[in-house]
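So the structure is just underneath, and the comments pick up after that.
Coordinate-derived values only; no laboratory data. Quantities reported herein were computed from a predicted structural model and do not represent experimental measurements. Please note: Cβ atoms are built from the backbone with ideal geometry, for glycine as well, and neighbour counts cover all protein chains shown.
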Amino acid sequence: MADSPVSINTPGGANEPPAGPSPQEQKQMEQAYAQMKRKMAMEEIGRKIKHKIMVLSGKGGVGKSTVSTGLALSLAQQGHTVGILDIDITGPNVPKMMGLDGRRLHVENKRIHPAQGHLGVKVISMAFLLEDEDTPVVWRGPIKLGAIQQFIGDVEWGELDYLIIDFPPGTSDEPLTVAQSLPDIDGMVIVTTPQQVALLDSRKSITFSESLKVPVLGVVENMSGFTVNGQAAPGTEVSIAAPGGKTLTATADNDGNFSVTLDIFKEGGGKDTADEFGVPFLGALPFDPGFVRGGDDGVHRIVSEPEGPSAKAFAKVVAAIQDQLSDGADGGLEII
Amino acid sequence: MADTLPTLKKLERRAQDMVLTYDDDSQYTVTYDDLRHACPCAKCSPMRNEDDTSRTLRRQIEALPAEKPTVRTVGKYALAFEWKQGCSSGIYRFERVYDLANRRDPDRGKPYVHGAW
């Protein structure tokens, strides 16, 4: 036997033990194991979070992150436990709006713990990983998607009533990855502004939702109208030149107060889009310069003025969303 | 649109049509052909703008093999119908289904305006 070119391993025999996996095989096994663990973690997270809401817009600059943070804060105001996942990898700005600028993520036992912003809202954002805010993230698709999966699977959210997921503008990889990774997403909120170009892109988002099989919870029209408040002698009729060559008039009340709402872009476009596609219109949010200041200062308008007109407008949108959510959504409809 | 929309309690799928029962005990039958012709998606809707194209859409639907759709609720506001063949994109608000049940034009005479595509 000693001269035989064939080596036979016998239990307890004197021959060499079987060769283990090669380093490459070992790496593949580890990756597969990590992937499986992450998938299980995602399912577990899906169970712990009651409602998952995606916030999208077809076009940039419509105030999507403002709406996401506003929805989260408005829900938190109602006493819900809320988290925001800022998936906008290339331009993450939720932390700044939530007063968490410059924070770093806390990692314990290989689990990422979210930072807590205003009203206890938990926040996860790529901004927490950036060395400085001027450094751009230049990642190709697969790395970006890996990061998103990690943000979903490796974050210790705990029990949440609502998770708001803020996306970059457009209908690209990110929502697709989230929709495929996170189970039981309740639906998406489409943010738009009244002008035509934003509406066209919103229509794309609505048809995009159909391809993802994620229901549209509704359309929110942001920057809808700017209200000018003023004072004049009681009973005075005030004329104001409005966009589009219109003249708006208002009469000062007995205390001398008047207010006029200017439709800076247009009016009713978000509702028209919602009607056109047969999806709910969730409401219009006013054009409020306070959002810009609040965003820059890290104090959201809802926090600085919880009873103000913007907070009230958000509360209405939240109520409309809650009306669409799936708790008993079918109203006991029997389908046979 | 009805001022007060009754709640749909039961949807019974039959071979060629579905029977809808509402909480006010009213009952209606909607054929699958009518349902599919009223598809609110961005592809089917423009075809109903003109009589010619609307008839073409109708003929295309009638040429499809008869089948029972899979039905699911969408949020709290609508139904979606999944067909093995033909368009399954449309999300039908309950108001739309009720209009169809009552033989009313679910588009309310409003032509569809194209989006960006």
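Values as computed for the structure displayed
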| item | result |
| --- | --- |
| Between helix B:51-62 and chain B: long-axis angle, C-alpha atoms, 0 to 90°, nearest 10 | 60 |
| For region A:246-252, 3J(HN,Hα) per residue [Karplus equation, 6.51 cos²θ - 1.76 cosθ + 1.60, θ = phi - 60°, Hz, x = Gly/Pro] | 7, 10, 9, 10, 8, 10, 5 |
| Value of relative contact order over chain B, rounded to a whole percent, pairs C-alpha under 8 Å and six or more apart | 23 |
| Label-point separation in nm, A:THR261 to A:LEU105, each point 7 Å along Cα→Cβ | 4.0 |
| Peptide B:88-96, shielding by other chains (average Cβ, 10 Å cutoff) | 3 |
| Computed over region B:8-101, Cα set: Rg, Dmax in Å | 13.0, 38 |
| Pairwise label distance in nanometres, A:GLN116 with A:GLN24, each label 7 Å out on the Cα-Cβ vector | 4.9 |
| Proxy reagent accessibility, fewest Cβ within 10 Å first, across A:SER304, A:SER22 | A:SER22, A:SER304 |
| Partnerless cysteines, meaning none of the other Cys C-beta atoms lie under 4.7 Å away, in chain B | B:CYS41, B:CYS87 |
| Fully extended contour minus Cα-Cα distance, from A:THR251 to A:ALA233, at 0.36 nm per residue | 5.5 nm |
| Value at 222 nm in deg cm²/dmol, rounded to 500, when DSSP H runs of n ≥ 4 in chain B each add -39,500 (n - 2.57) | -6000 deg cm²/dmol |
| Region A:34-114, relative contact order in percent, only Cα pairs under 8 angstrom and at least six apart counted | 16 |
| Label-to-label distance, nm, for residues given as A:ALA34 and B:LYS9 (7 Å Cα→Cβ offset) | 5.6 |
| Flagged links, alpha-carbon separation over 23 Å, of A:LYS246/A:LYS316; A:LYS213/B:LYS68; A:LYS110/A:LYS213; A:LYS144/A:LYS271 | A:LYS246/A:LYS316; A:LYS110/A:LYS213; A:LYS144/A:LYS271 |
